[in-house]
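Q: Pasting in a structure now, in structure tokens, and then I'll have a few things to ask.
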């Protein structure tokens, strides 16, 4: 409802049922204060002042209101107490009118701003996600097309919450993985909304206030990147406040108005526990219009025809989203016998393990679902990641959510496998007794026997694919023999172990027979392949033999190591048409100081020479790399050297992440984590802002060219595909107009029409 619905003349003067108690509390206090009085005198004004202050209007705003009423009394000479409520309403309306508060009951947006960009800010727990979901629903009701952007990538549950709301109200949600750059998500969301001619795009943001400088930088960066797509975006910065928190809401408003240019307020949870005056006080004090208000409960449409009530109170929201997979109501979900839910977290190497497991389960008569929205089978298997702090947190939260489902008898058996349990099995067993069985990275095959089933050796490399049927990941090895200072992976996976060329080519032939055309080679270190098994680097020979298999259209190489790079691989890439001119090689840094501290076994000069060799021997090659910021000992000079290197080299694809101090690593034994978290984040943001400009230039050079593109899926307005320079999930996409019907999984020659930093648009003529 619009805020003026409760005050404006000619409009309803009653509140929603959910707000009745607030209204009655506020004005009943006034009634009691003037009981037995015939006129408004100093005593009445003193009591009114007390009512306003205790109703969370705030001292400053209260004094303004009292001054205005005193002026009315002095001007009109005699004012009866029976007029006081009406006068108070009038003065509050005037006060709010000065702040340009408007009634948005119609939920309209300016016709000349498309898409209309709303950036939503506020601390965690105030109801941001719920507010966004309800706004999206109301805009849709008015016939507007809406996109949501999940830019709060710091909380494990935030992206999931918004995604669920998106599905419930049937609007698309643009998201990335936890820990991704929020500005990148915001950019993608506004970009997608513009590409799809959407009317409104609403961007969720992080709500952390513990570091105001970091918050300001983060919000400013998000605003800046959105402005590159829509010049005056965001059109609205909406601050969500919890009306029940009283003076706490004032402090939140103070912090956020200092961090960014707030243009509107949304007040949530105005039920009987809220005194209501906080709405008036904040708007008046900060001169910000109140555009949206929200009662404690409201409804959104289900997939069926009935309405459901959704609680938005803070405690219930935490309970609903953090550890409750049922999310919107505590309804009974019946377990499906002989059905197993498999949840995969972490990297694509974990995904392959899950696919191998699922094939064995299917062979034993189970029905298997991958990454379900909620626990529906009688057994759940969670394949975890234990690489860095954020990944560990995500894995633990997922385990806890399924443990909660088991407590409510919605799950019969809970099994955990993968890197996290390989690394912390003892601790997890003690801390989460709801888990029935733990398996590590390599002993998960025992899971089959422990379920009383058989492991089929003949299906060892057969998989139940979770990817689209035209592409698959191909894991060629396990483990790692490198000694990088920061990395915990060798502790988890052990020594390098290559699969034989025969096994790999056999698997590829099987997958080709099932329609797979594109293969993503993956390993912790591709370039080390074969040393343990053949006593020499065999990656070039492996790639050649796979490329010779009929039906293999694309091969893409991931996770190479720069030291002792097998140069013959470049010849293979140059000579073989089905080997993509794409190489994912993690460089991590460029300063000699940091390369030595990181134990990377390569120098700056060797690195630059290697890159030059790549580009000379494979014309048109696209390099993807990863950089780490904030490693122990990284100085400002080291970072400036890295930044200059990125600008000069112009990597086609680049990601960055802040250093995570992991126990039992070389760093844990020899260094302290001495770079502040805020500095790490600032450096990462600066690096990614630089890369964004480079990526736009790189994509701009493709405009007007005709490129081979594989179609991954069909959306409402576009076919979505990728070039040979784009790996699924991590790189950009090509949005193909629908002049002609196309088939998902097929290749087409696409003429590129326009470019954005991360995506292209094109047509098939």
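Q: Sorted by average packing, counted as other Cβ atoms within 10 angstrom per residue and highest first, what order do 465-476, 356-367 take?
A: So the order, starting with the most tightly packed, is 465-476, 356-367.
Q: Next question, about the same structure. Can you run the Rg to Rh ratio on the stretch 645-765? Use alpha carbon positions and the Kirkwood inverse-distance Rh.
A: Computed over Cα atoms, the ratio is 1.15.
Q: How are the Cα pair distances of the stretch 560-627 distributed, in percent, across 5 Å bins from 0?
A: Here the calculated profile for the stretch 560-627 is 3, 16, 29, 25, 14, 8, 4, 1.
Q: Let me ask you something else. Report the Cα centroid-to-centroid distance between the stretch 636-709 and the stretch 586-612 in angstrom, as an integer.
A: Here the answer is 14 Å between Cα centres.
Q: Subtract the Cα-Cα distance of residue 400 and residue 606 from 0.36 nm times their separation in residues, and report this length gain in nm to one decimal.
A: Separation in residues times 0.36 nm, less the Cα-Cα distance, equals 69.5 nm.
Q: On average, how much area does the Cα convex hull of the stretch 471-700 cover when viewed from any direction, in nm²?
A: Average of the hull's projected areas for the stretch 471-700 equals 12.8 nm².
Q: Still on this structure: Be a star and scan the stretch 565-596 for residues whose amide nitrogen sits under 12 Å from the point 7 Å along the Cα-to-Cβ vector of residue 626.
A: 584-589
Q: I would also like to ask the following. Restricting everything to alpha-carbon atoms, can you work out Rg to Rh for the stretch 706-763 with a Kirkwood hydrodynamic radius?
A: Reported Rg/Rh, Kirkwood definition of Rh: 0.91.
Q: Show me 445-455, 411-421, 646-656, 733-743 ranked by packing, highest mean number of other Cβ atoms within 10 Å first.
A: Packing order, densest peptide first, comes out as 411-421, 646-656, 733-743, 445-455.
Q: Okay, next question. What's the Kirkwood radius of the stretch 383-505 in Å, using all Cα pairs?
A: Kirkwood hydrodynamic radius for the stretch 383-505: 16.5 Å.
Q: Now for a different question. At a 10 angstrom cut-off on C-beta neighbours, averaged per residue, how do the peptides 612-619, 117-124, 528-535, 168-175 rank from highest to lowest?
A: Descending packing order for the listed peptides: 117-124, 168-175, 528-535, 612-619.
Q: When the C-alpha atoms of the stretch 443-549 are aligned to their principal axes, what extent does each axis show, in angstrom, from largest down?
A: On the principal axes, the stretch 443-549 reaches 40, 38, 25 Å in Cα extent.
Q: Then there is this: List the extent of the Cα atoms of the stretch 561-694 along each of their three principal axes, largest first, rounded to whole Å.
A: 47, 32, 24
Each reported figure results from applying straightforward, stated rules to the coordinates on display, with no laboratory input. What you see is a predicted model, and the numbers here were worked out from it, not measured in a lab. Every residue, glycine as well, gets a Cβ built from its backbone with ideal geometry; the counts of neighbours run over all protein chains shown.
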